[in-house]
């Protein structure tokens with residue numbers, strides 16, 4: 001069961017979303033402002049945080065910046081505001097989604113499952129990059145040579161490892177060796 005934090009200062013929205021998500025099988029942590037949400041993310045490490053954009057204490061964007069800097073909790077946004085400036089900032093911060101209110105829990109569930117899967121992919125990437133220099137180098141080489149983003153380069157390496165039925169590190173080391181030898 002995935003654990004979600006839902007942060008919104010509107011009690012009706014918070015209650016409605018949280019109850020609907022509980023009925024959909026999620027464990028829910030509720031926060032009524034940005035500071036409480038940050039504290040709960042640090043102490044309870046939810047799998048995903050759903051953040052309202054405008055809240056007292058810390059607004060959703062500042063909360064997301066703090067989550068990114070101080071925790072490993074991924075996040076998505078929901079708001080009554082569809083202003084393109086907010087959307088672009090949410091994407092730049094690393095939001096996994098941006099939904100416009102009113103939101104019904106039933107329509108939110110597919111987005112949450114997608115965001116959880118994406119967060120899992122990103123977490124796997126970060127763990128591989130942190131723990132293995134060869135993989136990190138190969139990802140960097142692919143990003144530069146092919147113009148890929150980090151996750152796409154990692155996925156390319158992972159697919160190569162699967163198709164060759166070998167370890168990811170072996171593919172990375174072969175790529176580095178081939179690059180050193182030149183064309």
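Here is how the numbers come out for the structure above:
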quantity: Lone qualifier among 56, 46 - being assigned to a loop (DSSP other than H, G, I, E, B), crowded, with 19+ Cβ neighbours inside 10 Å and assigned by TED's automatic domain parsing to the domain that holds residue 74; calculated: 46
quantity: Count of residues meeting criterion [under 18 Å from the mean Cα position of the chain (by Cα) and assigned to a strand (DSSP E or B)] in the stretch 82-102; calculated: 2
quantity: Filter result for residue 112 (within 20 Å of residue 2 (Cα to Cα), at pLDDT 85 or above, assigned to a helix (DSSP H, G or I) and under 12 Å from the mean Cα position of the chain (by Cα)); calculated: yes
quantity: Residue identified as assigned by TED's automatic domain parsing to the domain that holds residue 9, out of contact with any strand residue (DSSP E or B) (no Cβ under 7 Å at 6 or more places or on another chain) and farther than 19 Å from residue 16 by Cβ among 88, 104; calculated: 88
quantity: Complete set of residues in the stretch 23-73 that are closer than 21 Å to residue 106 by Cα and in contact (Cβ under 8 Å) with a residue 40 or more places away in the chain; calculated: 23, 24, 26, 46, 47, 48, 49, 50, 51, 52
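The values are calculated or read from the model by the stated rules, or taken from the named source; none is laboratory data. Bear in mind that the values here come from a model prediction, so they are computed numbers and not experimental data. Reconstructed Cβ throughout: ideal geometry from the backbone, glycine too, with neighbour counts over all protein chains shown.
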